[in-house]
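Since the structure comes first, as structure tokens, the remarks are kept for the end.
The values are calculated or read from the model by the stated rules, or taken from the named source; none is laboratory data. All figures in this text were calculated on a predicted structure; none of them were measured in a lab. For neighbour counting, all protein chains shown are included, and Cβ atoms are generated from backbone atoms with ideal geometry for every residue, glycine included. Heavy atoms of the whole protein, side chains included, go into the accessibility calculation; ligands, DNA and RNA do not. Shrake-Rupley method; radii C 1.70, N 1.55, O 1.52, S 1.80 Å.
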Amino acid sequence: MTEQPKKTLELLIAAPRGFCAGVDRAIRIVELAIERYGAPVYVRHEIVHNKFVVDSLKAKGAVFVETLDDVPDGVPVVFSAHGVPKAVPAKAEQRGLSYLDATCPLVSKVHRQAERLVAAGRHIVFIGHAGHPEVIGTFGQVPEGDMTLVETVKDVEDLAVPDPDNLAFLTQTTLSVDDTAAVLAALRARFPNIIAPQADDICYATTNRQTAVKAIAAACDLMLVIGAPNSSNSLRLVEVAEREGTPARLIQRAAELDFGWLASVGTLGITAGASAPEILVREVVDHLATRFAVTEREVETTRESIAFKLPRGLEAA
Ligand code: SF4
């Protein structure tokens with residue numbers, strides 16, 4: 001029996017995609033901590049929101065826990081890239097634990113802005129997603145009641161603030177650029193005197209990955225986003241594609257890919273969230289190649305060259 005020729009599938013691969021400088025740095029911190037102190041090294045919360053990364057670090061000797069109470073005395077602990085409330089390092093110090101802070105420097109920058117604004121007497125309106133660890137960490141930089149969370153334009157309409165003329169806003173780093181612009185417009189319309197140190201704090205990596213998806217979405221019949229369901233920036237990439245009119249699916253690994261989705265797909269877009277390693281993109285492409293005659297084209301909208309310094313004490317390791 002002669003084998004049927006494979007159906008052709010054109011892949012448009014967005015660039016930039018995948019790991020950002022903050023994720024790279026956070027993973028490196030855990031690896032260097034294990035090299036320097038020996039296993040186990042405890043990590044409070046998933047270092048970045050990706051199961052493959054977490055499992056790889058577990059195999060090297062990292063132990064992931066959700067609270068400091070689960071860290072035994074005398075072992076080092078790393079705080080995740082999303083940042084932590086001030087109470088967490090304070091508690092670690094109280095217990096005499098040595099800790100390494102893998103908070104992304106761009107998240108730390110928002111933390112410092114929050115402190116400065118509150119010190120200047122401003123009430124902060126924070127645009128972000130309730131319950132995300134970055135939001136919990138940023139709220140934990142200022143006294144309770146000095147910051148109010150909004151997620152949507154409707155939240156802005158319903159917002160009650162102590163003094164409408166003494167407000168500032170800050171944002172989570174991994175939001176949708178377009179949704180945030182709408183929320184900001186609503187905030188500025190309702191509170192003309194609201195101030196901000198800059199336009200918003202959505203980071204370069206989030207912005208670049210969303211722009212790269214926008215550049216290819218219209219040419220694709222379906223967009224695959226490789227990332228975790230609890231990864232904020234990955235979820236936003238799904239929304240960006242859908243907003244451009246292209247259906248999108250979030251998958252963590254090639255095994256979650258259903259070939260049935262591709263029945264009427266000629267051009268498939270592929271991207272990956274900031275916490276998804278390139279090896280998972282290759283895994284998906286290789287898996288597709290078992291069923292289709294794939295052609296790959298990378299569409300690069302910008303080139304990134306950002307790298308962050310390691311915390312003091314680890315640079316020379
Ligand atoms: Fe830092 Fe942005 Fe990466 Fe988050 S997505 S770790 S803020 S660079």
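Could you give me the ³J(HN,Hα) list for the range 270-280, computed from phi with Karplus coefficients 6.51, -1.76, 1.60 and θ = phi - 60°, whole Hz, x at Gly and Pro?
10, 9, 9, x, 5, 9, 9, x, 4, 4, 6
Identify the trypsin sites (Lys or Arg not before Pro) of the range 220-280 meeting these criteria: DSSP loop state and at most 14 other C-beta atoms within 10 Å of the C-beta.
Values: sites: ARG236, ARG243, ARG249, ARG253; in loops: ARG253.
Passing sites in the range 220-280 are ARG253.
Fully extended, how many nm does the chain gain between GLU278 and ALA130 (0.36 nm per residue separation, minus their Cα-Cα distance)? The partial results should precede the final answer.
Values: separation 148, 0.36 × 148 = 53.28 nm, distance 2.90 nm.
Here the segment from GLU278 to ALA130 would lengthen by 50.4 nm.
Given 0.36 nm per residue, what is the gain on full extension from ARG297 to ARG28 after removing their alpha carbon distance, in nm?
Numbers: separation 269, 0.36 × 269 = 96.84 nm, distance 3.01 nm.
Result for the pair: 93.8 nm of gain on full extension.
In the chain, how many lysine pairs have Cα atoms under 24 Å apart, counting only pairs 8 or more places apart or on different chains?
For the chain, qualifying lysine pairs total 7.
At what distance in nm do the modelled label points of ASP158 and GLU315 sit from each other, each positioned 7 Å from its Cα along Cα→Cβ?
It works out to 4.8 nm between the two label points.
Quick one: check the C-alpha center-to-center distance for the range 181-197 versus the range 213-239, whole angstrom.
The range 181-197 and the range 213-239 have Cα centres spaced 28 Å from each other.
Sorted by accessible area with a 1.4 angstrom probe, largest first, how do GLU256, GLU10 fall?
Details: GLU256 85, GLU10 60 Å².
From most accessible down to least: GLU256, GLU10.
Return the long-range amide H neighbours of LEU100 (sequence gap of 5 or more, or a different chain), with a cut-off of under 5 Å between placed amide H atoms.
Long-range HN contacts for LEU100: VAL77, VAL78, PHE79.
Out of VAL78, VAL299, VAL41, any idea which swings most in a Gaussian network model of the chain, alpha carbons joined below 10 Å?
VAL299
So which residue, out of PRO277, PRO72, PRO133, gets the largest mean-square fluctuation from a GNM of the chain using Cα contacts under 10 Å as springs?
Checking each option, the largest mean-square fluctuation is seen for PRO72.
Calculated FRET efficiency, ALA255 and VAL65, Cβ-Cβ r, R0 30 Å, to nearest 0.05? Display every interim value, and only then the final one.
On the way: r = 27 Å, r/R0 = 0.91.
That pair, ALA255 with VAL65, gives E of 0.65.
Per residue, how much accessible area does the range 1-77 show when a 1.4 Å probe rolls over the protein heavy atoms, in square angstrom? Display every interim value, and only then the final one.
Details: 3710 Å² over 77 residues.
Value for the range 1-77: 48 Å² per residue.
Rolling a 1.4 Å sphere over the protein heavy atoms, what is the accessible area per residue of the range 106-190, to the nearest Å²? Each step should come with its number before you reach the end.
Details: 3580 Å² over 85 residues.
Result: 42 Å² per residue.
Return the single residue from HIS82, HIS129, HIS287 with maximal mean-square fluctuation; model: Gaussian network over the chain, springs between Cα atoms under 10 Å.
Ranking HIS82, HIS129, HIS287 by mean-square fluctuation puts HIS287 first.
What angle do you read, to the nearest 10 degrees and between 0 and 90, between the alpha-carbon axis of helix 204-217 and the longest principal axis of the chain?
Between the helix axis and the principal axis of the chain, the angle is about 30 degrees.
Over 5 Å intervals from 0, what percent of Cα-Cα pairs in the range 250-317 sits in each interval?
Cα pair-distance distribution for the range 250-317, in percent: 3, 11, 20, 21, 14, 10, 7, 6, 4, 3, 1.
Using 0.36 nm times the number of residues separating GLN4 and LYS86, minus their current alpha carbon distance, what extension gain do you get?
Details: separation 82, 0.36 × 82 = 29.52 nm, distance 6.15 nm.
Stretched out fully, the GLN4 to LYS86 stretch lengthens by 23.4 nm.
Roll a 1.4 angstrom probe over the protein heavy atoms and tell me the percent of accessible area of the range 184-317 that is carbon or sulfur. Could you put the intermediate results ahead of the total?
On the way: 3130 of 6270 Å².
Roughly 50 percent of what the probe reaches on the range 184-317 is carbon or sulfur.
With point charges of +1 on the Cβ of Lys and Arg and -1 on the Cβ of Asp and Glu, referenced to the Cα centre of the chain, which listed residue (ASN166, ALA181, ILE47) lies farthest in the positive direction of the dipole?
Checked the options; the winner is ILE47.
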